[in-house]
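Here is the structure we will look at, set down as structure tokens.
The values are calculated or read from the model by the stated rules, or taken from the named source; none is laboratory data. Worth saying up front: this structure is predicted, and the values here are computed from it rather than measured. As a convention, Cβ positions derive from the backbone with ideal geometry for all residues, glycine included, and neighbour counts pool all protein chains shown.
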Amino acid sequence: MKSPGSRERDRLGTLRLVLRTICLVLPFVALLPLPLYARVAPRWGGFPFFYWYQFAWIPGCSLALLAAYLLRNRSHLASDSRSRR
């Protein structure tokens with residue numbers, strides 16, 4: 001039988017796994033349906049929608065990967081500190 005603290009850690013680990021998966025899949029899903037954003041209007045700064053949508057995802061992808069990395073790194077750091085006790 002698991003202790004309440006163990007269940008909470010399992011739940012937190014599952015939540016982090018789900019969040020990491022969302023962070024990694026979101027840019028892929030957002031850029032995959034090309035017909036949805038392959039259009040000229042609206043223009044912004046002289047660029048068609050197609051280009052600035054993709055340019056906007058460059059920092060978006062970086063932030064999503066950073067979030068996934070931090071979620072993974074924190075869970076590994078937490079498990080390492082628990083195993084050292």
remark   = Exactly one of 9, 16 is of a type in the set (Lys, Arg), assigned to a helix (DSSP H, G or I), at pLDDT 80 or above and surrounded by 12 or more Cβ atoms within 10 Å (Cβ to Cβ), and that one is 16
remark   = Taking the range 35-81 and keeping residues of a type in the set (A, V, I, L, M) and at pLDDT 85 or above leaves 56, 58, 63, 64, 65, 66, 67, 68, 70, 71
note = Residue pairs within 7 Å by beta carbon, gap of at least six or interchain, first lying in the range 36-61 and farther than 18 Å from residue 25 by Cβ and among the small types (Gly, Ala, Ser), second surrounded by 12 or more Cβ atoms within 10 Å (Cβ to Cβ) and modelled with pLDDT of 85 or more, listed first then second, are 38/50; 41/49
inquiry  = Can you pull out every residue in the range 26-51 that is aromatic (Phe, Trp, Tyr) and within 26 Å of residue 65 (Cα to Cα)?
reply    = 28, 37, 49, 50, 51
inquiry  = Go through the range 45-69 and report how many residues are in contact with a strand residue (DSSP E or B) (Cβ under 9 Å, 6 or more places away or on another chain) and loosely packed, with under 14 Cβ neighbours inside 10 Å.
reply    = 1
task = Return the pairs, sorted by first residue and then second, in which the second residue is in a helix (DSSP H, G or I) and of a type in the set (Gly, Ala, Ser), the first residue lies in the range 6-31 and is free of Cβ contacts under 8 Å to residues at least 40 places away in the same chain and under 18 Å from residue 54 (Cβ atoms), the beta carbons are less than 7 Å apart, and the residues are 6+ apart or on different chains.
result = 26/64; 27/60; 27/64
